[in-house]
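Before anything else, here's the structure in question.
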Amino acid sequence: MTASTAYILYLAFAIGAAAVYLMLPRPERSKAIAGALLGVAALAVLITLLVARVTEPGSTRAFFCIFAAVALFAAARVVTHNRPIFSALYFVLVVLAVAALLVLQEAEFLAVALVIVYAGAIVVTYLFVIMLAQQTGSPVYDRQAREPLLAVLIGFLLMAAVAGQAGALPDTVEQGSVLATQTGPDSPASSIAEGNTAAVGRAVMTKYVVVLEIAGVLLLIAMIGAIALSKKKVPSEQVRTARKPLGQVGKEVAPY
Amino acid sequence: MREFFTSQFGVSITFSVMVIGALLGITTYCIYFERKIAGWVQDRYGPNRVGPAGIFQLVADGIKMVFKEDIIPGHVDKVLFLAAPAIIIIVSFIGFAAIPWGGQWELDGHLVNIQVANPDIGLLYILGVASMAIYGLVLGGYSSNNKYSLFGSLRATAQMLSYEIPLGLCILVVVLTLGTLRLEHIALAQTGYWFGIIPQWNVFLHPVPFVILLITSLAESNRTPFDLPEAEQELVCGYHTEYTALKFGMFFLGEYAHMITASALISVLFLGGWHFPWIPWAQPEATSFFAVLVKIGVLGGKVVFFIFLMMWLRWTLPRFRWDQLMRVAWKGLIPITLALFILTAVLVYFGLERSIWTLVGNVVIVAGALLIAGSFGREVTGRTTNLPPIPSGPFSPGVGGVGASA
């Protein structure tokens with residue numbers, strides 16, 4: 001990656017930041033269209049920059065462009081839409097588009113795991129909460145962003161830092177070499193041959209087993225915490241409901 | 001041109017078109033079967049007016065559904081209201097892509113899979129697609145802007161999230177036993193025989209996960225006794241109360257398509273897919289065109305069996321109460337499937353995952369679960385005394401009954 005490419009990348013980020021800032025919800029709607037146009041410009045710059053770096057055949061490149069554009073557009077809408085339920089649905093779209101990008105990288109297992117975990121379970125619970133929280137009308141905190149400038153600035157600075165770091169990687173990544181570095185020293189070629197799922201499983205259960213255990217313990221703690229929080233304390237008089245062995249339940253009501 | 005149509009890609013495209021067409025027909029015919037089975041259970045004829053034995057009833061139903069007035073109420077969220085049935089129908093149909101319908105076909109000297117796609121992660125693909133189906137129900141209920149619809153979709157969310165856990169664990173038991181996620185390999189791994197007679201189907205190894213998978217599939221496709229999201233006595237029609245005409249029909253067809261996917265998945269996971277003993281064409285070695293047809297027929301027969309079972313259950317069992325539904329999932333199915341999963345993992349460690357010990361472990365786990373459930377007292381919920389007797393009189397209750405006799 002040459003210096004000029006990096007500057008074009010940062011320029012794209014700057015335009016994108018301005019676009020998101022203009023599109024954030026505010027009482028007057030006139031600036032959103034200007035923001036959307038700026039966003040399209042930033043997207044065009046980014047896509048041309050990325051297409052130059054993708055070395056796969058034409059169809060993969062086309063799919064990459066489509067799904068990357070969908071993901072970026074949907075991600076922008078997640079933060080700029082003024083109705084939370086649409087934000088959640090755009091988040092589902094982001095997840096699906098990223099899953100498609102992962103499939104293009106031949107990481108099918110990660111793609112499907114992402115869809116099952118995020119789109120299939122987590123966002124559904126978000127929707128559950130949103131549906132219970134509000135039925136009609138949007139309150140003031142949905143119609144107006146509170147600190148739009150600071151939020152956009154910090155978000156895009158962080159993204160630019162990460163992207164600059166990623167840009168320091170070698171220009172063309174060889175097919176499968178990312179996978180090979182992740183599966184460890186023991187025969188990378190064979191782990192690619194045995195399939196993506198098996199390779200991921202081997203990596204998780206050997207090299208990253210400590211991380212896996214820590215994640216498991218964390219989830220367990222969260223689960224116990226959730227149960228403890230949701231358990232309602234009731235006075236002891238009220239809990240004395242009749243208890244019976246399983247075979248006797250319901251016997252006292254004679255059938256008609 | 002011929003090379004294209006005999007390649008795997010060409011066969012996949014041709015087959016996907018055929019599958020979509022056939023499934024549209026079969027799902028519509030499911031409505032006819034449903035009504036006939038309802039008639040059989042309730043000791044009446046069922047549809048018998050349109051055509052011989054009423055077989056053209058679905059044509060009449062379809063025409064009615066298409067030409068009914070399509071009302072979009074003024075109070076709905078229009079975008080989501082139109083998106084919900086589309087999501088339901090798309091998600092129900094793309095799940096079929098990974099089902100291995102007919103094994104392999106020898107075409108111009110090479111073997112092609114009678115399957116739309118044979119990805120490395122076929123089973124997870126079906127799970128992922130099925131988990132997206134919930135958006136149709138949730139958005140349908142939310143966008144209707146109606147309290148009953150919202151209740152329906154809230155119930156659907158909680159129910160499907162709860163029953164996805166035992167469903168996934170049952171599938172993982174099979175994956176752990178056979179060590180592959182490719183559905184074609186799962187079917188192939190069950191083609192052997194024990195003692196030369198008993199086919200090595202997973203149902204003989206793991207009868208309990210088979211039954212639990214059947215139960216959770218009923219819950220996932222919102223069929224009775226798990227049809228709380230559309231409980232008509234409480235919620236009018238649940239999440240599709242505000243839908244009319246063809247949009248209602250999409251919800252209706254989506255349910256049947258979901259049933260067919262679930263039946264095909266259970267057949268492949270536990271009943272050997274297209275394999276059947278004693279039929280020479282339903283063996284993995286047979287690759288002629290006729291064998292492909294026989295294999296599709298065998299898998300289709302298994303699917304029809306499960307669909308019949310589900311319809312029979314629908315007209316036989318009453319609906320669960322909400323607390324019972326949650327108790328069955330969280331206190332019943334999830335601990336049992338977790339125990340089964342751990343059992344399978346231990347057996348895989350010792351290399352005994354396809355031996356008699358699997359069956360023994362299943363029996364022990366069920367016996368232990370019954371012992372634990374029997375030793376703890378159960379809370380007596382619901383009605384504990386009889387209702388006052390129905391007053392007897394010349395007329396049925398309510399007409400001249402209660403006040404007059406008292």
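The values are calculated or read from the model by the stated rules, or taken from the named source; none is laboratory data. Please read all numbers here as calculations on a predicted model, not as lab measurements. Every residue, glycine as well, gets a Cβ built from its backbone with ideal geometry; the counts of neighbours run over all protein chains shown. We work out accessible area using only protein heavy atoms, side chains counted, and drop any ligands, DNA or RNA first. Shrake-Rupley method; radii C 1.70, N 1.55, O 1.52, S 1.80 Å.
For the structure I just gave you, tell me whether A:Ile85 is within 17 Å of the chain's Cα centre (by Cα), open to solvent by less than 40 Å² (accessible area, probe 1.4 Å) and at pLDDT below 85.
yes
Check segment B:221-236 and report whether any residue there is crowded, with 21+ Cβ neighbours inside 10 Å and under 11 Å from the mean Cα position of the chain (by Cα).
Within segment B:221-236, one or more residues are crowded, with 21+ Cβ neighbours inside 10 Å and under 11 Å from the mean Cα position of the chain (by Cα).
With the structure loaded, tell me whether B:Phe395 is in contact with a strand residue (DSSP E or B) (Cβ under 9 Å, 6 or more places away or on another chain), at negative phi, modelled with pLDDT under 85 and open to solvent by 80 Å² or more (accessible area, probe 1.4 Å) or whether it fails that test.
no
So which residues in segment A:46-68 are at pLDDT 80 or above and either open to solvent by 80 Å² or more (accessible area, probe 1.4 Å) or farther than 17 Å from A:Gln105 by Cβ (or both), if there are any at all?
Result: A:Phe63, A:Ile66.
In segment A:69-88, which residues are away from chain B (no Cβ under 13 Å) and among the hydrophobic types (A, V, I, L, M, F, W, C)?
A:Ala69, A:Val70, A:Ala71, A:Leu72, A:Phe73, A:Ala74, A:Ala75, A:Ala76, A:Val78, A:Val79
Which is in the same structural domain as A:Tyr7 (by TED's automatic domain parsing) and open to solvent by 40 Å² or more (accessible area, probe 1.4 Å), of A:Val117, A:Val123?
Selected residue: A:Val117, the only one of A:Val117, A:Val123 that is in the same structural domain as A:Tyr7 (by TED's automatic domain parsing) and open to solvent by 40 Å² or more (accessible area, probe 1.4 Å).
Within segment B:278-299, which residues are among the small types (Gly, Ala, Ser), touching a residue at least 40 places away in the same chain (Cβ under 8 Å) and under 12 Å from B:Trp101 (Cα atoms)?
Across segment B:278-299, the qualifying residue is only B:Ala291.
Going by the structure shown, is B:Gln190 closer than 25 Å to B:Ala286 by Cβ, away from chain A (no Cβ under 14 Å) and either open to solvent by 30 Å² or more (accessible area, probe 1.4 Å) or without any contact (Cβ under 8 Å) to a residue 60 or more places away in the chain (or both)?
No: the conditions fail for B:Gln190.
Ok, one more. When you look at A:Ile154, is it modelled with pLDDT of 80 or more, assigned by TED's automatic domain parsing to the domain that holds A:Leu49 and surrounded by fewer than 16 Cβ atoms within 10 Å (Cβ to Cβ), yes or no?
yes
Here is a further query. Which condition from (1) crowded, with 18+ Cβ neighbours inside 10 Å; (2) at pLDDT below 85; (3) hydrophobic (A, V, I, L, M, F, W, C) is the one that B:Ile37 breaks?
Exception for B:Ile37: condition (2).
Which one of the conditions (1) more than 14 Å from chain A (Cβ to nearest Cβ); (2) part of a helix (DSSP H, G or I); (3) open to solvent by less than 60 Å² (accessible area, probe 1.4 Å) does B:Lys64 fail to meet, given that it meets all the rest?
Result: B:Lys64 passes all but (3).
Determine the pairs where a residue that is surrounded by 14 or more Cβ atoms within 10 Å (Cβ to Cβ), located within segment B:340-369, has a partner that is of a type in the set (Asp, Glu) with Cβ atoms under 6 Å apart, the partner being 6 or more residues away or on another chain.
Listed pairs, sorted by first residue: B:Leu347/B:Glu353.
Return only the number of the condition from (1) under 29 Å from B:Val211 (Cβ atoms); (2) in contact with a Gly (Cβ under 9 Å, 6 or more places away or on another chain); (3) in a helix (DSSP H, G or I) that B:Leu150 does not satisfy.
(1)
Residue-by-condition table, conditions (1) more than 19 Å from B:Ile31 (Cβ to Cβ); (2) of a type in the set (Val, Ile, Thr); (3) at pLDDT 80 or above; (4) assigned to a helix (DSSP H, G or I):
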{"site": "B:Leu181", "(1), (2), (3), (4)": "yes, no, yes, no"}
{"site": "B:Ala187", "(1), (2), (3), (4)": "yes, no, yes, yes"}
{"site": "B:Val203", "(1), (2), (3), (4)": "yes, yes, yes, yes"}
{"site": "B:Val208", "(1), (2), (3), (4)": "yes, yes, yes, yes"}
{"site": "B:Leu213", "(1), (2), (3), (4)": "yes, no, yes, yes"}
{"site": "B:Pro225", "(1), (2), (3), (4)": "yes, no, yes, no"}
{"site": "B:Tyr243", "(1), (2), (3), (4)": "no, no, yes, no"}
{"site": "B:Gly249", "(1), (2), (3), (4)": "no, no, yes, yes"}
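Now, a different point. Being in contact with a strand residue (DSSP E or B) (Cβ under 9 Å, 6 or more places away or on another chain) and either open to solvent by less than 30 Å² (accessible area, probe 1.4 Å) or aromatic (Phe, Trp, Tyr) (or both) is the requirement here; does B:Tyr256 meet it?
When the stated conditions are applied, B:Tyr256 does not pass them.
Follow-up question, since we're still on this one. When only residues in segment B:127-172 that are touching a Leu at 6+ places or on another chain (Cβ under 6 Å) and open to solvent by 10 Å² or more (accessible area, probe 1.4 Å) count, which is farthest from the other protein chains (Cβ to nearest Cβ)?
Only one residue fits best here, namely B:Tyr148.
Here are the criteria: (1) in contact (Cβ under 8 Å) with a residue 60 or more places away in the chain; (2) within 18 Å of B:Ala345 (Cα to Cα); (3) assigned to a helix (DSSP H, G or I); (4) open to solvent by 10 Å² or more (accessible area, probe 1.4 Å). Tell me which single one B:Val175 does not satisfy.
(1)
Kindly indicate whether any position in segment A:134-144 is more than 18 Å from the chain's Cα centre (by Cα) and among the hydrophobic types (A, V, I, L, M, F, W, C).
Yes: segment A:134-144 contains one or more residues that are more than 18 Å from the chain's Cα centre (by Cα) and among the hydrophobic types (A, V, I, L, M, F, W, C).
So that you can scan it fast, the table gives a plain yes or no per residue for (1) within 14 Å of another protein chain (Cβ to nearest Cβ); (2) touching a residue at least 60 places away in the same chain (Cβ under 8 Å); (3) of a type in the set (Asp, Glu); (4) under 25 Å from B:Ser144 (Cβ atoms):
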| residue | (1), (2), (3), (4) |
| --- | --- |
| B:Tyr32 | no, no, no, no |
| B:Lys36 | no, no, no, no |
| B:Asp43 | no, no, yes, no |
| B:Pro47 | no, no, no, no |
| B:Pro85 | no, yes, no, yes |
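Return yes or no: is B:Ile121 out of contact with any Phe, Trp or Tyr (no Cβ under 7 Å at 6 or more places or on another chain), within 14 Å of chain A (Cβ to nearest Cβ) and at negative phi?
For B:Ile121, the condition - out of contact with any Phe, Trp or Tyr (no Cβ under 7 Å at 6 or more places or on another chain), within 14 Å of chain A (Cβ to nearest Cβ) and at negative phi - is not met.
Also, quick follow-up: Conditions first: (1) crowded, with 16+ Cβ neighbours inside 10 Å; (2) among the hydrophobic types (A, V, I, L, M, F, W, C); (3) at pLDDT 80 or above. A:Ala145 passes all but one, so which condition is the exception?
Only one criterion is unmet by A:Ala145, namely (3).
Check B:Phe270, B:Phe305, B:Phe276 and return the single one that is over 24 Å from B:Arg182 (Cβ atoms) and either in contact with a strand residue (DSSP E or B) (Cβ under 8 Å, 6 or more places away or on another chain) or not β-branched (Val, Ile, Thr) (or both).
Unique residue meeting the criteria: B:Phe305.
Further, regarding this structure: Scan B:Ala84, B:Ala98, B:Ala117 and give me the residue that is more than 24 Å from A:Gly201 (Cβ to Cβ) and either surrounded by 18 or more Cβ atoms within 10 Å (Cβ to Cβ) or not polar (S, T, N, Q) (or both).
B:Ala84
Condition test on B:Pro47, is it closer than 26 Å to B:Gly136 by Cα and surrounded by 14 or more Cβ atoms within 10 Å (Cβ to Cβ)?
No: the conditions fail for B:Pro47.
While we're here: Does B:Tyr32 meet the test of being hydroxyl-bearing (Ser, Thr, Tyr), in a helix (DSSP H, G or I) and at pLDDT 85 or above?
yes
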